[in-house]
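Right, one structure below, let's go through it.
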Amino acid sequence: MFDEKQVKEWLVKHDAEKRCHEGFWENLESYRTDYPEEYEEYFPNFDKSKVHVEVKSIRISYMNYPDLSYNHVRVYMPIQYEGEKIGYYELWLDFDGEVADDYFVID
């Protein structure tokens, strides 16, 4: 149904991977300022070099069945700190490449 070449071209055209990384770092900073105690629990003695995030999957979702009127490309990155997975960040882009939503989740 979807040609992987077209999906890759769309991701490059809309800078999806870069924007996902930028969104993660923005959310991490908001988490630090909004929830400092919880932040310290998950990121003790924070060291940026101990954070590992990389895109692991791309999902194309058609939601609001049967109308299928809520559709996105979802860019998913697990969050690792000091080698342990502690959550994930997921950026939702609409099919025009605009940010529709994002999720910063600490497990």
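The values are calculated or read from the model by the stated rules, or taken from the named source; none is laboratory data. This is a predicted model, so every value here is computed, not measured. Because the Cβ atoms are built from the backbone with ideal geometry, glycine has one as well, and the counts that use them run over all protein chains shown.
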Would you check if residue 31 is in contact (Cβ under 8 Å) with a residue 60 or more places away in the chain, in contact with a strand residue (DSSP E or B) (Cβ under 9 Å, 6 or more places away or on another chain) and more than 20 Å from residue 101 (Cα to Cα)?
no
Within segment 15-55, of all residues that are surrounded by 14 or more Cβ atoms within 10 Å (Cβ to Cβ) and either among the acidic types (Asp, Glu) or touching a helix residue (DSSP H, G or I) at 6+ places or on another chain (Cβ under 6 Å) (or both), the one farthest from residue 87 (Cα to Cα) is 17
In segment 79-99, how many residues are outside any loop (DSSP other than H, G, I, E, B) and either surrounded by 12 or more Cβ atoms within 10 Å (Cβ to Cβ) or touching a residue at least 60 places away in the same chain (Cβ under 8 Å) (or both)?
12
Of the residues in segment 63-74, how many are in contact with a strand residue (DSSP E or B) (Cβ under 6 Å, 6 or more places away or on another chain) and either among the charged types (D, E, K, R) or free of Cβ contacts under 8 Å to residues at least 60 places away in the same chain (or both)?
7
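Let's see how each residue does on (1) within 17 Å of the chain's Cα centre (by Cα); (2) part of a helix (DSSP H, G or I); (3) closer than 23 Å to residue 17 by Cα; (4) among the basic types (Lys, Arg):
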{"site": "40", "(1), (2), (3), (4)": "no, yes, no, no"}
{"site": "46", "(1), (2), (3), (4)": "no, no, no, no"}
{"site": "58", "(1), (2), (3), (4)": "yes, no, yes, no"}
{"site": "74", "(1), (2), (3), (4)": "yes, no, yes, yes"}
{"site": "77", "(1), (2), (3), (4)": "yes, no, yes, no"}
Among the candidates 29, 37, 17, 22, residue that is more than 21 Å from residue 91 (Cα to Cα), acidic (Asp, Glu) and modelled with pLDDT of 95 or more
37
